[in-house]
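Visitor: Below is the structure I would like to discuss, written out as structure tokens.
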Amino acid sequence: MPETNGHDAPRVGFYVCHCGHNIAGIVDVAEVARFAGTLPNVIVARDYKYMCSDPGQELIITDIREHRLNRIVVASCSPLLHEHTFRVATEKGGLNPFYFQMVNIREDVSWVTENHDAATHKALDLVRAAVRRVAHHRSLATKHVRIHPDVLVVGAGISGIHAALTLANAGKKVTLVEREPTIGGHMAMFDKTFPTLDCAACILTPKMSAVKNHPNITLWSYSEVSEVSGYVGSYTVKVKRKPRFVSEELCVGCMECIDACVYKEGKTPDEFNQGLSKRKPVYIPFPQATPQVVLIDPDTCIEFKSGRCKKTCVEKCDRNAIDFKQKEEIKEIQVGTIILATGFKTFDPKRIPYYGYGKYPNVYSSLEVERLVNASGPTGGDLVLRDGRHPKTVGIIHCVGSRDRNTNRWCSRTCCMYSLKLAHLLKEHSEAEVYNFYIDIRAAGKAYEEFYDKLLEENIHFIRGRVAEVTDWSARPEEEGKMIIRVEDTLIGVVRRVPVDMVVLAVGMEPQADSQDVRRMFNISCSTEGFFLERHPKLAPVDTFTDGIFIAGACQGPKDIPDSVAQAGAAAAQALSLIDAGEVELEPNTAYVVEESCSGCKSCLNICPYTAITRDETRQKAFINEALCKGCGTCVATCPSGAIRQNLFEDEQIFSEIEGLLQEKESVLTGGGAWRAPA
Amino acid sequence: MPEKPKVAFYWCASCGGCEESVVDLAEEILGVVNAVDIVFWPVAMDFKKQDVEAISDGGILVSLINGAVRTSEQEEMAKLLRRKSALVVAYGSCAHMGGIPGLANQFDREQILRYVYEESPSTINELHTRPQTASPEGGHTLTLPEFRSMVRTLDQVIPVDYYLPGCPPVPRMLKAALDTLLSGNLPPKGTVLGPDTAMCEECPRKESKPADLAYTAFRRPHEVIIQPETCLLAQGVICMGPATRGGCGAQCVTGNMPCSGCFGPTSRVMDQGAKILSAIASSLSAKETEGIDRTLATIPDPVGTFYRYGLPGSLLRRKIADHN
Ligand SMILES: Cc1cc2nc3c(=O)[nH]c(=O)nc-3n(C[C@H](O)[C@H](O)[C@H](O)COP(=O)(O)OP(=O)(O)OC[C@H]3O[C@@H](n4cnc5c(N)ncnc54)[C@H](O)[C@@H]3O)c2cc1C
Ligand code: SF4
Ligand code: SF4
Ligand code: SF4
Ligand code: SF4
């Protein structure tokens, strides 16, 4: 690239864009161009219909050559949209691309007022500011970082599984870290899935074993990420592997040890079955668990508690897989990109006491019912209540912990549909009368409305209204021994009391309890509800504000399996596109410490949101890792002695811009004080 | 014998400490006296304004002017010395940035006069007499300088060539500055004649400063027993060291008191108070408004703490009072 004449006197080319009527309809663009032409240093000033079009860019390129311009200012739309376009044009004209400054007179001016005069006036102020600023621009080099081809996927629900398989099939090495003893996430608990009612296990378990057997996937279950450092292309990740007390290499999952355990019956509530059954200290979450390896729970195992167990499990295992001395291990890996697929947790219905969960035994959460109707669940699919009865009437209450000012305001998007699914399954398993209490039925998905229609024909009752209360206070003989659902039926405008044997609470989807810790560890953001925040809700739904870290599935917000899988594929594709590009360009808007100016006062060390700042302890000076710095400017403002500067946001640039803005009025920054602009 | 370069000293609104600091040159002062011809120094020598007026314009090599500018007389003398001098040095914090007298810019002229001549507890002034710029007395007119509406730094009144920071400047730096100016090998105009890194650099307590300070309360020096080896900020005592130009040899900190900022900011910083504030504010433990307010309430005099020597020269400059 021909080096530019940045040290010569500035020769500015100025262009104002009509953006069709978007700008020219409000701002007097001819006046803006005329005015710019009168400003110091401006050599050419033009207005043009569409500056971003090829002829528009060509204007810049030829002007640079013909008029020996060395600075370019374009007044048009948002830099997010076209800063890159115009920087490229500037570069094609033979200048360093950073001798360019953009003025946003669309989003910031013409779109926010209908007052032509005020708009034009503001545009002139902004243009004056930019022309002054650009004189202080410097030539900068875009930096490149290499992308390590390996990928880390965190969370092995359907999203993590799908992302890992997609990447592995493309030939990338993937480490898949799952915190539970088995992969599968929530989907592994379901019997059937809406709207097709295909069996969850039939579609999920093949993918689970594909993960286990894929040569490109390292599966670390029962493990958690404990530390992340580095930056896009080069992350160092520490993973804590919790001890199973059973060797993953030796165990073949025959489960003989479970039968042999000195406990004849399980005593501990089974997590996977939502506490609806009991498990032994040595257990496997469910028969198709992946990996097919049992584990021992040290909190309940007699050998761990007293050291005096007969260890019948060890005796039984002919592969010597049981190892009470197994220790937690910390593994370290290098990856270039990371996909977070940590999923969701269900709303705790105890938070709404008037629905009776935890008080009446026959009030269930939907997740419990998923297990109850599951052929491989705690009752083998027999719909038997906690009190041993079979229900004759069931009430499903929608929106529990969703669309509710007192708990969560958002719609959990899946509960209407899974409630329909459960209504169908409950009827199928019990012949009971099933009532759905809903606010609205949200069936916006392919074949979802049709599924709803089908349910309506299955003689399932739908009552529109938010349930006020579940009570056992009977008012009529037919209510004796039942729970009564009190609700205002808003379609007919009466308050109803519906006696039922079983209540199902369609609990909503929430961020994981540790989502804030996880987001901090990976340096990404959460939206106000606590779900991971995407970079752009429409145009970058799986990117985050941290380069090289992507999100997929329910950790980003409530969604069903089809949407989770689609996102997982998108996240894998984003990672692949980075890996295959081999390197990324970094915007050179980074901060740097001017070493001789740094007093080593440490004020900056802890304030960087991206932990880019460290201190060289021998030289006693701060140092900024350019690859980590995102150019947020926090440290630049913080450094009490002004030893940190930031490319594209140098003091002279910012102050000259402010002076330009305020020039018409009394200048507040000049005329006094001991401050001198650095020579 | 060739003529010796002429040097003048003058004081505006100041406490006299700067004059002392010249005397603090001790026996070195003899060298100075030998090398130059002191043509004006009201505190020590009997020259009059007419003597200065008699010197040709630019005839003085350097005038070292200390003190801020509040009255018409100070302004007049500053302008006279500017005309007569090749170089003007703003000497000490008050001339440099406004200094302690500059704190008066928190009040306007009327508030100050009303308080001092009428409302202060030690004043009895039933006739509400105020000083007048001219008052007839026995056939004569007695005059007083005018009391201007605000305190200004020297460079807000006349162009200043160099600055010697400090309240007062340290003799070592005065000596070095004089040597430089006499050598003729002049630094760029506007230079502050001192190092350009912050105080922490030369502070013996620097390494004890933790990177993460999580303040829940600040304490004033009289409220704690200050540990002699630990960074003062780590003890909750506001130390201006990180935001203050070094060069003093960490005198206050060595004396077990926090740096109060008299050397002013480094050349790269526009507003010393704002800078230390942004550094300290990022170290508060509380993250919500009430907690932050509670912590900041332990700084009872923020202007006097963060702008002790530099209010007139800062971006804040002065408060415009409203008189209702
Ligand atoms: C009762 C109920 C019924 C449903 N029925 C259907 C249905 O029929 N059809 C449908 O399409 N959708 C249904 N859904 C929605 C479905 O559950 C989700 O769309 C799907 O589970 C999202 O998958 P995921 O992988 O993003 O999250 P999850 O399934 O939650 O998986 C996340 C995984 O990440 C792991 N993890 C979490 N944090 C960490 C960490 N820090 N480190 C390591 N691992 C971690 C978890 O252990 C888990 O294995 C239902 C939801 C509920 C509540
Ligand atoms: S999906 Fe249906 S039940 Fe779930 S929160 Fe939304 S509206 Fe309520
Ligand atoms: S600019 Fe922001 S991201 Fe960069 S080092 Fe400073 S604080 Fe960190
Ligand atoms: S805040 Fe500034 S002076 Fe202090 S250590 Fe950081 S860069 Fe150095
Ligand atoms: S803040 Fe004060 S005490 Fe602490 S290192 Fe800096 S100058 Fe020394």
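The values are calculated or read from the model by the stated rules, or taken from the named source; none is laboratory data. Computed from a prediction, not measured in an experiment: that's the story for all the values here. Cβ placement follows ideal geometry from the backbone for every residue including glycine, while neighbour counts extend to all protein chains displayed. Heavy atoms of the whole protein, side chains included, go into the accessibility calculation; ligands, DNA and RNA do not. Shrake-Rupley method; radii C 1.70, N 1.55, O 1.52, S 1.80 Å.
Visitor: Averaged over A:638-649, how many beta carbons belonging to a partner chain fall within 10 Å of each residue's beta carbon?
Guide: Mean shielding count: 6.
Visitor: For the pair A:D323/A:E428, report the inter-label distance in nm, with labels modelled 7 Å from Cα in the Cβ direction.
Guide: So the two model labels end up 4.4 nm from each other.
Visitor: Ok, one more. Highest mean first, how do A:105-114, A:9-18 rank when packing is the count of other Cβ atoms within 10 Å averaged over residues?
Guide: Peptide ranking by packing, descending: A:9-18, A:105-114.
Visitor: Let me ask you something else. How much net charge surrounds B:A86 when only other residues with a Cβ under 13 Å from its Cβ are counted (Lys, Arg +1; Asp, Glu -1)?
Guide: +3
Visitor: Hey, in chain B, which Cys have no second cysteine's beta-carbon closer than 4.7 Å?
Guide: B:C12, B:C15, B:C18, B:C94, B:C203, B:C231, B:C239, B:C248, B:C252, B:C259
Visitor: Also, quick follow-up: Considering only A:T312, A:C632, B:C12, whose Cα is most displaced toward the positive end of the charge dipole of the protein assembly as shown, charges sitting on Cβ of Lys, Arg (+1) and Asp, Glu (-1)?
Guide: Toward the positive end, the furthest listed residue is A:T312.
Visitor: Considering only Cα-Cα distances, which of the following residue pairs are longer than 18 Å: A:K267/A:K350; B:K6/B:K49; A:K350/A:K421; A:K49/A:K538; A:K280/A:K305; A:K242/A:K327?
Guide: Listed pairs above 18 Å: A:K267/A:K350; A:K350/A:K421; A:K49/A:K538.
Visitor: I would also like to ask the following. Starting from one equal scatterer on each C-alpha and no solvent at all, send me the Debye-based log10 I(q)/I(0) for the range B:153-213 at q = 0.17, 0.29 Å⁻¹, two decimals.
Guide: Debye output, listed in q order: -0.73, -1.31.
Visitor: Additional query: For chain B, modelled as a Gaussian network with Cα springs under 10 Å, which listed residue fluctuates most, B:A250, B:A90, B:A134?
Guide: Its mean-square fluctuation being the largest, the pick is B:A134.
Visitor: Evaluate peptide A:96-102: per residue, the Cβ atoms of other protein chains within 10 Å of its Cβ; return the mean as an integer.
Guide: 0
Visitor: Give me the accessible area per residue for chain A, probe 1.4 Å, as a whole number in Å².
Guide: Heavy-atom SASA per residue in chain A reads 44 Å².
Visitor: Next up: From the square roots a ≥ b ≥ c of the eigenvalues of the alpha-carbon gyration tensor of the range B:107-148, which class results: rounded (a/c under 1.5), prolate (a/b over b/c), or oblate?
Guide: It is oblate, given that a/c is not under 1.5 and a/b is not larger than b/c.
Visitor: Here's another thing I want to ask about it. Angle check, please: helix A:448-457 long axis (alpha carbons) against the longest principal axis of chain A (alpha carbons), in degrees 0 to 90, nearest 10.
Guide: 30
Visitor: Carbon and sulfur: what percent of the range B:199-306's accessible surface (1.4 Å probe)?
Guide: Solvent-exposed carbon and sulfur of the range B:199-306 make up 58 percent of the total.
Visitor: Starting from the Cα gyration tensor of the range A:473-606, take the square roots of the eigenvalues, sort them a ≥ b ≥ c, and report rounded, prolate or oblate (rounded when a/c is under 1.5, otherwise prolate if a/b is larger than b/c, else oblate).
Guide: Cα axes put the range A:473-606 in the prolate bin.
Visitor: With Cβ to Cβ distances under 13 Å as the rule, what net charge do the other residues near A:T407 carry (K, R +1; D, E -1)?
Guide: +2
Visitor: Can you give the FRET efficiency to the nearest 0.05 for A:K173 and B:D57, using r as the Cβ-Cβ distance and R₀ = 51 Å?
Guide: 0.05
Visitor: Relative to the longest principal axis of chain A, what angle (0 to 90°, nearest 10) does the C-alpha long axis of helix A:79-92 take?
Guide: 50
Visitor: Let me ask something else about it. Quick check: pseudo-label points 7 Å beyond the Cα along Cα→Cβ at A:T196 and B:D179, how many nm apart are they?
Guide: 8.8
Visitor: Could you tell me which of rounded, prolate or oblate describes the range B:197-324, using a ≥ b ≥ c as the square roots of the eigenvalues of the alpha-carbon gyration tensor, with rounded for a/c under 1.5 and, failing that, prolate when a/b is larger than b/c and oblate otherwise?
Guide: Cα axes put the range B:197-324 in the oblate bin.
Visitor: Label points 7 Å out from Cα along the Cβ direction at B:E126 and A:K316: separation in nm?
Guide: Between B:E126 and A:K316, the label points sit 11.0 nm apart.
Visitor: If r is the Cβ-Cβ distance from A:E469 to A:K446 and R0 is 30 Å, what FRET efficiency results, to the nearest 0.05?
Guide: So the FRET efficiency works out to roughly 0.25.
Visitor: Hey, how much of the P(r) for the range A:256-316 falls beyond 13 Å, as a percent of Cα pairs?
Guide: 62
Visitor: Then there is this: For n ≥ 4 DSSP H runs only, could you compute -39500 (n - 2.57) per run for chain A, divide by its residues and tell me the 222 nm figure to the nearest 500?
Guide: Only helices count here, giving -8000 deg cm²/dmol.
Visitor: Give me the net charge of A:S656's neighbourhood, meaning all other residues with Cβ under 11 Å from the Cβ of A:S656; Lys, Arg count +1, Asp, Glu -1.
Guide: Summing Lys/Arg as +1 and Asp/Glu as -1 gives -2.
Visitor: Accessible area of the range B:107-148 with a 1.4 Å probe: how many percent of it is carbon plus sulfur?
Guide: That share works out to 55 percent.
Visitor: Something else: Given Cα positions, please report Rg to Rh for chain A, the hydrodynamic radius being the Kirkwood one.
Guide: When Rh is taken as the Kirkwood radius, the ratio is 1.08.
Visitor: What does the extension gain come out to for A:R138 and A:E488, with contour length at 0.36 nm per residue minus their alpha carbon separation?
Guide: The A:R138-A:E488 span can extend by a further 119.1 nm.
Visitor: Still on this structure: By average Cβ neighbour count within 10 Å, what is the ranking of A:146-157, A:435-446 from highest down?
Guide: Per-residue Cβ counts within 10 Å, averaged per peptide and sorted highest first, yield A:146-157, A:435-446.
Visitor: If you don't mind, there's one more thing I want to ask. Using only the Cα atoms of the range A:16-144, what do you get for the radius of gyration and for Dmax, in Å?
Guide: Over the range A:16-144's Cα set, Rg and Dmax evaluate to 13.8, 45 Å.
Visitor: For the range A:93-107, what does the Karplus curve 6.51 cos²θ - 1.76 cosθ + 1.60, with θ = phi - 60°, yield as ³J(HN,Hα) per residue in whole Hz, taken in order and with x for Gly and Pro?
Guide: Listing the rounded values in order: x, x, 9, 5, x, 8, 7, 10, 9, 10, 10, 8, 10, 9, 4 Hz.
Visitor: Right, something else. How big is the equivalent ellipsoid of chain B along its three axes, where each semi-axis is √(5λ) from the Cα gyration tensor, reported in whole Å from largest to smallest?
Guide: 36, 29, 16
Visitor: Taking the Cα centre of the range A:37-160 as the origin, how large is its charge dipole in debye, to the nearest 20, when only Lys and Arg (+1) and Asp and Glu (-1) carry charge on their Cβ atoms?
Guide: It comes to approximately 540 debye.
Visitor: Something else now. Assuming R0 = 45 Å, can you tell me the calculated FRET efficiency for the pair A:V384 and A:C526, based on Cβ-Cβ distance, to the nearest 0.05?
Guide: That pair, A:V384 with A:C526, gives E of 0.65.
Visitor: Also, I was wondering about something else. Per residue of A:602-614, what is the mean number of Cβ atoms on other protein chains within 10 angstrom of that residue's Cβ?
Guide: Across the residues of A:602-614, the mean count of other-chain Cβ atoms within 10 Å is 4.
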